[in-house]
Amino acid sequence: MSETLSRPKLEFDPADLWVLDREDIEALEIGSAILGTGGGGNPYIGKLRARQALEDGYTLSILPLDKVPDEACCVSLGGIGAPVVGHERLREGREGLRCVRAIEDMQGFPVDLIVCEEIGGSNAMEPLIVGGMTGLPVVDCDGMGRAFPEMQMTTYSIYGHTSTPSVMCDVHGNIVVFKHAVTEIFHERMARACVVAQGGGSDMAAAPMAGAFLKKFAIPNSYTQAIALGRAVMDAQRQHRDPIAAICEREKGKHIFSGKITDLKRHLRGGFVVGEAMLAGVDNHSGEAASVMIQNENLVFTHEGEVKVSVPDLIVVLDIDSGHAITTEMLRYGQRVAILVLPCHPLLQSPAALEVVGPKAFGFSDVTYRPFAGA
């Protein structure tokens, strides 16, 4: 850390901190995979890394959003790149730590809190691991309430935060600083080009946010939600109940289709996994056809040629028997899956948000977002 740091970091009351244990991490793996809507990085690999952090003696702790001081320096971070890269290439392990230290060196004073960019997949684990390495708590919130493929698709950016200067670090030890971007979309484009050059997967930390801003525009209670959701699935399995029904009950979601994957188009393009999964109905949906359009995450669900669900609501692909989510890089021909829809947070439904995370933002110009009201 730079010796020019001008003030000490804030201290927090230990009574306010939720210190995670191994069972919490197990539940977070399941819940973050569901909320990830197919993306956010492989949750199993993220779980293994978080478990290793616990075994190495690091403390993974969460601070409630309402306990964040207004003046706190909060840095959001996560992985950037295509999920399939994270599945095929292991991380070096200290990418996120280097990002935080570089931010501190640039600003001249310490980071107080780590913030999650997206609660989906392994990106739910990365802030906790970095928090453990830096000795900093992670705030119980995120910027999406799910996962999205592009960096400007956070509530932080949507509601006025400027993400630069930001830092990207890769497995090789490279540190890249984006000093200034004229728009959040330009920031995304430049970062995407850089991550492709770095091999398709890196960590990125955005410019610090004040605690006061975070409390107003973050999606609240994301870790609480994800861990409780994972525990609901685990409890249903132990009690021989339907885990899919347990998910719907907890999240006010709906099981809208059951089918088998009959065709899968999936490839890397511009740092993203893009494609489409074609489904033939089974059980109550026998004889029906459906599809899921993908860009790292599940974007649009079509049933019998008609769009039924679109972003920003959550389209979740689950193993039909276990109730565990299947990420986009793990989809395979012949899998029997259940399609769920879960409502997104209201912060993603404003006109300003829909310009950034609605179907038209992903190129679906003929799709109009119709909010899922909940079961």
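How do MET234, MET278 rank by accessible surface area computed with a 1.4 Å probe, from largest to smallest? Don't skip to the end; give the middle numbers.
Values: MET234 30, MET278 65 Å².
Output order, biggest surface exposure first: MET278, MET234.
Could you work out [θ]222 nm for the chain from helices alone, using -39500 (n - 2.57) per DSSP H run of at least four and dividing by all its residues? Round to the nearest 500 deg cm²/dmol.
Value at 222 nm, helices only, nearest 500: -9000 deg cm²/dmol.
Grab the beta carbon distance between THR59 and LEU90, set R0 = 22 Å, and tell me the FRET efficiency rounded to 0.05. Mind showing how you got there, number by number?
Values: r = 24 Å, r/R0 = 1.07.
E(calc), rounded to 0.05, equals 0.40.
Between THR368 and ALA212, what length in nm is gained on full extension when 0.36 nm per residue of separation is reduced by their alpha carbon distance?
Working: separation 156, 0.36 × 156 = 56.16 nm, distance 3.36 nm.
This chain segment gains 52.8 nm when fully extended.
Considering only DSSP beta bridges where both residues belong to the chain, give the percentage that are antiparallel (nearest 5).
In the chain, DSSP labels about 90 percent of beta bridges as antiparallel.
Calculate what fraction, in whole %, of the accessible area of the chain sits on carbon and sulfur atoms when a 1.4 Å probe is rolled over the protein chains.
52
Which of the chymotrypsin sites (Phe, Trp or Tyr not before Pro) found in region 136-237 are in a DSSP loop and have at most 15 neighbouring Cβ atoms, other than their own, within 10 Å?
Filter output for region 136-237: empty list.
So, counting K/R as plus one and D/E as minus one, what does the shell of residues with Cβ under 10 Å around GLY46 add up to? Can you show the working numbers first?
Working: positive: LYS47, ARG49, ARG51, ARG91; negative: GLU29, GLU126.
With Lys, Arg at +1 and Asp, Glu at -1, the neighbours total +2.
Please find the FRET efficiency linking ILE175 to ARG269, where r is the Cβ-Cβ separation and R0 is fixed at 25 Å, and quote it to the nearest 0.05.
Details: r = 27 Å, r/R0 = 1.07.
Once rounded, the FRET efficiency stands at 0.40.
So which aspartates and glutamates pass the test for LYS360, namely a Cα distance under 19 Å, with those fewer than 8 places away in the same chain ruled out?
Correct list for LYS360: GLU150, GLU184, GLU188, GLU276, GLU297, GLU306, ASP313.
Roughly how many Å² is the accessible area per residue of the chain, as a whole number, for a 1.4 Å probe?
That works out to 40 Å² per residue.
Just flag the GluC sites (Glu not before Pro) in region 21-79 sitting in loop per DSSP whose Cβ has no more than 15 other Cβ atoms within 10 Å.
GLU71
Using a basic spin-label model with each label point 7 Å from the Cα along Cα→Cβ, how many nm lie between ASP235 and TYR333?
4.1
Full extension from LYS252 to SER286: what is 0.36 nm times the residue separation minus their Cα-Cα distance, to one decimal in nm?
Value of the extension gain: 9.7 nm.
When the Cα centres of region 83-143 and region 238-264 are compared, how far apart do they sit, in Å?
So the two Cα centres are separated by 31 Å.
Report the Cα centroid-to-centroid distance between region 273-336 and region 29-51 in angstrom, as an integer.
Using only Cα atoms, the two centres lie 18 Å from each other.
Listed here are the pairs LYS9/LYS215; LYS260/LYS308; LYS9/LYS179; LYS216/LYS308; which of them are more than 22 Å apart at the Cα?
LYS9/LYS179; LYS216/LYS308
Just to be sure I follow: if Rg is taken over the C-alpha atoms of the chain and Rh is the Kirkwood radius over the same atoms, what is Rg/Rh?
Rounded to two decimals, Rg/Rh equals 0.96.
At 0.36 nm per residue, minus the direct Cα-Cα distance, what do ARG22 and GLU306 gain on full extension? Give it in nm, one decimal, please. It would help to have the intermediate numbers written out before the result.
Working: separation 284, 0.36 × 284 = 102.24 nm, distance 4.30 nm.
Residue separation times 0.36 nm, minus the Cα-Cα distance, leaves 97.9 nm.
The values are calculated or read from the model by the stated rules, or taken from the named source; none is laboratory data. Note that the structure is predicted; figures quoted are calculated from it, not measured. Neighbour counts are summed over all protein chains in view; Cβ atoms, including those assigned to glycine, are modelled from backbone coordinates with ideal geometry. Ligands, DNA and RNA are stripped out before the accessible areas are found, and what is left, the full protein with its side chains, is counted by its heavy atoms. Shrake-Rupley method; radii C 1.70, N 1.55, O 1.52, S 1.80 Å.
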